[in-house]
Structure formats: structure tokens, C-alpha cells
1. On a full-extension model of 0.36 nm per residue, what is the gain between B:W287 and B:L169, subtracting their alpha-carbon distance, rounded to one decimal in nm?
2. Using the Cβ atoms and a cut-off under 11 Å, what net charge is assigned to the surroundings of A:T28, where Lys and Arg are +1 and Asp and Glu are -1?
3. Net charge around B:I56, counting only other residues with Cβ within less than 11 Å of its Cβ (Lys, Arg = +1; Asp, Glu = -1)?
4. Sort A:K309, B:K162 so the one with the fewest other Cβ atoms within 10 Å of its own Cβ comes first.
5. Distance between the C-alpha centers of the range B:23-91 and the range A:66-137? Whole Å please.
6. Whole-Hz ³J(HN,Hα) for each residue in the range B:191-201, computed from phi via Karplus 6.51 cos²θ - 1.76 cosθ + 1.60 with θ = phi - 60°, x for glycine and proline: what do you get?
7. Taking amide H positions as placed in the peptide plane 1.01 Å from N, state which residues far from A:T207 in sequence (5 or more) or on other chains have amide H under 5 Å from it.
8. Taking the Cα centroid of the range A:155-172 and of the range B:203-232, what is the distance between the two, rounded to the nearest whole Å?
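Where a number appears in this text, it was derived from the coordinates with a stated rule and is not lab data. Just so it is clear, the structure is predicted and the values come from calculations on it, not from any experiment. Note that each Cβ is placed from the backbone with ideal geometry, even for glycine, and that neighbours are counted across all protein chains shown.
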Amino acid sequence: MSTSPSDPVTAVAALYFDGRSARAHIVTLGVTDGVLHVEGDDVSRSEPLGALRVSEPMGDAARLISFADGAHLEVRDHAALAALLAATGHRDAAVVRWAFEPRMVVIMLSALLLSVWLIMQYGLPWAARITAPLVPDSAMTVLSERTLEWLDQALTRPTALPAARQQALREALSSVASIDGQPIVHTLLFRSGGQLGANAFALPDGTLIVTDELVALAGADAPVLAVLTHELGHVQQRHGVRMLLQGSATALFMAWYLGDISSLLAGAPAALVQAGYSRDMEREADDFAVKLLRARGQSAGLLAGMLEKLAAAHGEGAASRSGPMGWLSSHPDTAERITRLRSTEFAAD
Amino acid sequence: MDNPFEHAPAEAAGGNPFAAGSPALQREPITFSGRGGEYFGIWIVNLVLTLLTLGIYSAWAKVRRLQYFYRHTTLGGAAFDYHGDPRAILKGRVIGFMLLLAYNVSFQFSMIAGIAVAVALAAVMPVLLMRSLRFRARYSSWRGLRFGFDGGTGGAYSVFLKWPIFTVLTLYLLGPMWHQRMKAYQFNHARFGSAQFAIDAPVGAYYRIYGAAIAVVLLGMAAIGALLGSLADGNRAVFGLAPLLFILLLLFVQPYLSARLQNLVWNHMQLDGHRFESSVSARRLYWIMLTNLIGVIGTLGLFMPFAAIRLARYRLQSVTMLCAGPLDDFIAGQAQDAAATGEEAADLFDVDIAL
């Protein structure tokens, strides 16, 4: 700080362009009393510092000092310019300095990882919960129809369940499927599960699909209904739409994040993101199922028992083989859920 | 030609490479001095601020990113610069986002709404694209002179609406011709100061490049089909690999296409008698893109700023300007004189929609 602003500072070499022709004028810069003097090559110009703009530092790149009339100076003599700027009291914006301070870069990197984690963990689920009710029913119908078409083509086969049994289960479900006196709109479909085995799914528009294998595994109607009430919980709380919204938002983010490199790559992660319901959603659906079961005077144990049977039927270790839509792969914490359903929290009143 | 100041800061005018009287067709290579480690700082700050502001900062981030690349690009001892107003870019992004949203949502409501939005989009997009070409040119400069784009609405509708429709109707047979018309529109209406760009790349050249690329893709698809067929052995699940292999195939062809197209465009470009030479090697570009891809995947994206710098360096340094006369002779265009006197306020229709 030995140099006060009024002292002339060491001359800085620069190129001057007048903004009207491409001619480069070789000049030197100096500052006295808050005025920049440009001297050299057919140029002699003085301008108060307040009327000038200095570009931010970007490593070796030239720094540009712009005049209001379109002329500018290109400076590559970085050390001399830094001394001159320091003498005039110029200070770059914080955002600009951060980019070149290793400590700030490390902080930013940690902030990035933390914010990505926070967004994935809390931000997106919250936003999806808020926006899911805004998705129009027609969109959910289209989505559900497409999913069902895909299921029928790729995985499931027509049901072999007798029509009478189907009818009985449909009627039983209809009598259960109401909350606070309001019936829950749903359609119950039966399919032979094929490689999916004993399974049940809910589509966003209220279509429930249960496999013959699951009905056979349950033995009686009550455990089937327990699983279906859980699926109704997913429908009622729009879990499918919420997962889809979260998946789309993640895909959008990935497209933007990787967009620099290759737009081809950007599409790939979208496929990797969709991986069933979250643990919280399973809990919500369990709570919902228990509520419906209680209203019918049945216990949470029915659902817990059915979960145990399903886990045994699929073999816990082979869970991932049941496919992305499967009961077990999208229910990763089966043991935990069984314990919870059997715990005092849900013990029969 | 290097910047004279790198060697002798106070050298007298005698060593000035800008002085008149240079011999005809002097070679002026484009140099790029950006460094991955340096750009990483800008990239990470941009990324974090964009996330924290839910995307709003992305417009400012784009300006800083472009400024980094432009200012590290040097021709004839002077750097390029970018002057885009982040607010105009933000406006463009909001418009782009709304259009995308409208397009995606409308079909969910009804077929008619969807078609109405699609038609409206087709009517508006050419003008928006023309506007962003103008924006990008107008806010780019070298040696204090601005670039410019004077392409009209008629040309925009021809190139961004009529030709795409022709292309689809002819099952992409007219694709290369569309590309040629697009480049012609883009460059025959481009200016630097008052000097006009002109491009004379023939249609046949585009057909040769695309033809070779398509031949490779078809051969590759046949190979993939044969490979999967022999592997499958009755198990249909193996065919699930097909889309992945197809993407790899496209990634394989992409460097060839971009190398040949860059060379084609720049080797047929003229600027007021000056010419350009571009010598991108598809093999080198392939190597750079492949190692970039591995780096990006291996670091979960943290290599991206380094990858961007590597790619830009190779592509930019492959271009040389063949100067027919001194570079000092360029002068500003009419529009710039007007703009230079007044303030550079972004007008209402300034938008920048990146594609």
C-alpha cells in the first residue's frame, strides 16, 4: 500500500482498438489522479476510471478494458496490470475470485456434492409431492394404458383364474376400497405373472394388477386384499406419478449437466434412474393399507404375513431377478417393513 | 503470429505484425490458451450457483463460460470476446423452457391442443432461431469489431421449416442438402464488421460425408444384428443390449461427421478475400472424444471442464486463416457505428436459444 492512487504507476503495455477499425495500436497505460492515460501509436487518450470497465481475470487470457464509446484495450501484461489495478483499489467480484482460489474450488465441490444429495434426498421428493396432484387424470390414464400394454406384451400372460374367484375378489376389494366414506376409484385386473411370479402392481390411474401366482400363494382372499390395500395406498398417494416426476426432473438435470459433452449420453441416465418406490412411499402405503384393514376389523398382521410369504417365495437374495416393476425389488426393506407392521405401533387394538 | 507482448512488452512499432504491407496469403493460425484446471474453477462455481438459484444463474454462467473460451482464442495477436447480456439469455431460456413444456403437456390434454401447439411452435421456431443467430453474432467481437448476422425471415422459414419437412418427406434423402442450405443461410448472411462471409461448399461434398457415415452405421447395425443373433440363442433378453450398442455406434460415427463437416465448412469459407483452412483429423478427434468420454464417466462428470477444453483446443487450433491482406484493414459495419454511440441496451426481441 505504498502507492497512493495519485502516484503514477509503472506503465502497462497494451493493444488499443478504437472500435471502428481492426487496427491494433501498440500503447502503454498509466493512471494518475483517477484518470487512465493511453499513449502510443497514433493514440493519445485520457479517461476517468469511473467510465471504464475491466473484464474479469481468466488465467492467461487477455484482460479487456472497455471504453463507453466501443473502444477497448487488450492487456496481456498481467503482472503490471495487477499492480495498476491494485493501486486504483479495483477489486474483482467475489464470484470471479472464487473460481481461481483452490480453497473456494474445494468448498464449491463439497457444496455441489452436498446440494445434489440434499436435492435427491429431500428436495425432489418434496417437489414431486407438491406437483403430483396437479397432473391431470387424462395424463395418468395415458401413462397407465401404455404401461399395461408394455406389461402384457413383455412379461405377463392371460389369467387362468376362474371367473367366479375373480368376481369374488373384485367385490371384496370394492367393499374395502373406501376412505372416510369416499370410494377409491380402481380397476382390478388378473394376469398370469410368468417370470414375475407372485406379484402385484398399481398403475397411476388406479389399475391394480395381481398375478395368479400371488392369489395361489395367499391361499385365502383376506391376504390378497391386504396386499391390494397396500397397492391402493400407492394409487391414493400418487406414488407412481411422484416417482415419474422425480425421474423426469433427474433426467432433465442429467441432460443439462452432461449436455456439454454429448447429447447422446444425456438420454441414458434417465433409464437408470427409475427404480421403484422409495422406502418412505412403502411406509405410507403400508400405513394406508393398515388403516383400510382396521376399518374392516382386520389386523396389520395379514399384510406382514403376506410379505413374509412373498419374500420366501422369491427368495430374498433373488429379489433383483423379479424385474424393475416387481414387488420385491421395489420393496427393498421387506424385513424392516414386516417388523414394523408387527410392532406395537400396529398391534391389534 | 504470437502476441508481440509475450516476448517484448515494450517493443517499438517496428516489430508490429499488424502493420500494412504483409505478403499475400499470410497464414494466421488460431491459438487457444484455455486450460482445464483453470476452467474447472469457473465450471464448478457456475454449476453450484446454478443449482442454488434453481437454474436462474445458468444465463450468467453461460456468459462466463463463453467469455472464457472466446478470450482464450487468439487470432493475429488479438483475442475474441463475447458481450452477451445474461438477462437476454435468461429470457431465451424461459421462452425455450415454456415452449418445451407446452409441447410436452398439450398432447396430454387433447389431440387438437397438441396439434395446435405443434403448429404454433413450427411457426415461431424459425424466427427464434434466426434471432439467436443474430444475437450470437452481434455479441461476438474480435479486435473491437462486432460480428453480425443479417439473415431474413424468409430464409429462416426456408431453412428451419421447409427443408426439415422436405427431409422427413424424402426419408432423409435430402438431409445433406438441408445441411448445406442451413450452412449457406448461416454464413452467407454473416458479417465481421463490414466484411461479408461467404461459403461455397457444394452439395455433393455433404452427400459424400453423410453417405460414408450412413454406410458405417448400416454396416455396424448389420454387425450388431449378427452378433446378437448368434449370442441370443433363443434368449430374447440379449436384444435389450441393442439400443446400447446402437448408441455406441453413433458415438463411433460422431467424431468422423464433426471432423469432416468442420473441414468442409471452413475450407469453403471466405471473408472479403481472406480464406480459411481447417485440418481436423477424424482419427485425432475420435481419440479425444473417446478419452473424454472415459474421463467423464470415470469421474462422474468432474472431467467435463477438462474434456471441453481439450475438444475446443483441438478444433480451434486446427483452423488457420489465410489472409489476403493486412488484418488491420477491417472496419466496423454501419450497425455497429450506431450501436457504439448509444448504450448497448438489449432490445425486447434479443433472445438466445441454444440448441
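1. Between B:W287 and B:L169, full extension yields an extra 38.9 nm.
2. -3
3. Once positives and negatives cancel, what remains is +2.
4. B:K162, A:K309
5. 13
6. For the range B:191-201, the Karplus-derived couplings read 10, 10, x, 9, 8, 9, 7, 8, 10, 10, 5 Hz, x marking Gly and Pro.
7. A:T187
8. Centre-to-centre distance over Cα atoms comes out at 48 Å.
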